[in-house]
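The values are calculated or read from the model by the stated rules, or taken from the named source; none is laboratory data. Here the structure is a predicted model, which is why all the values come from computation and not from measurement. Positions of Cβ are generated from backbone atoms using ideal geometry, with glycine treated the same way; all protein chains shown enter the neighbour counts.
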Amino acid sequence: MIKPDFSKMTRQELRTYVLAHREDDEAIEALIKRGNPNIPKYRLPKTEEDLREMEEILKGKLGSS
C-alpha cells in the first residue's frame, strides 16, 4: 500500500486518516507536529508588569486567587 503524502493533506484530512489508521505511527507523528491552530497563544513576559499579568492569567486558569 502506498502511503499518502501527509504534507499535502489538510489538518482535517490528516486527522480523518489517523482515526481510520490508528496503527500508522508516521501519520500520528505528522498530526502531532502540526499542532493545534486554535490553541491560545500568550507572549512571554518581558517586564515586571508583564510577569504580574501572566501570573493573574495563570491563577485564573488554575482556579486559585
Cβ-Cβ under 6 Å pairs, at least 6 apart or on other chains, segment 36-65 side part of a loop (DSSP other than H, G, I, E, B), far side surrounded by 10 or more Cβ atoms within 10 Å (Cβ to Cβ) and of a type in the set (Lys, Arg): Ser65/Lys59
In segment 36-57, how many residues are surrounded by 14 or more Cβ atoms within 10 Å (Cβ to Cβ) and within 30 Å of Pro4 (Cβ to Cβ)? 0
Looking at Glu53, Glu23 in this structure, which one is over 19 Å from the mean Cα position of the chain (by Cα), at pLDDT below 95 and of a type outside the set (Phe, Trp, Tyr)? Glu53
Flagged pairs (Cβ under 8 angstrom, 6 or more apart or on separate chains; first in segment 1-13, assigned to a helix (DSSP H, G or I); second among the small types (Gly, Ala, Ser)) are Phe6/Ala27; Phe6/Ala30; Ser7/Ala30
Does Lys33 count as part of a helix (DSSP H, G or I), exposed (fewer than 10 other Cβ atoms within 10 Å of the Cβ) and not hydrophobic (A, V, I, L, M, F, W, C)? yes
Across segment 11-28, the tally of residues that are within 29 Å of Lys61 (Cα to Cα) and exposed (fewer than 12 other Cβ atoms within 10 Å of the Cβ) stands at 1
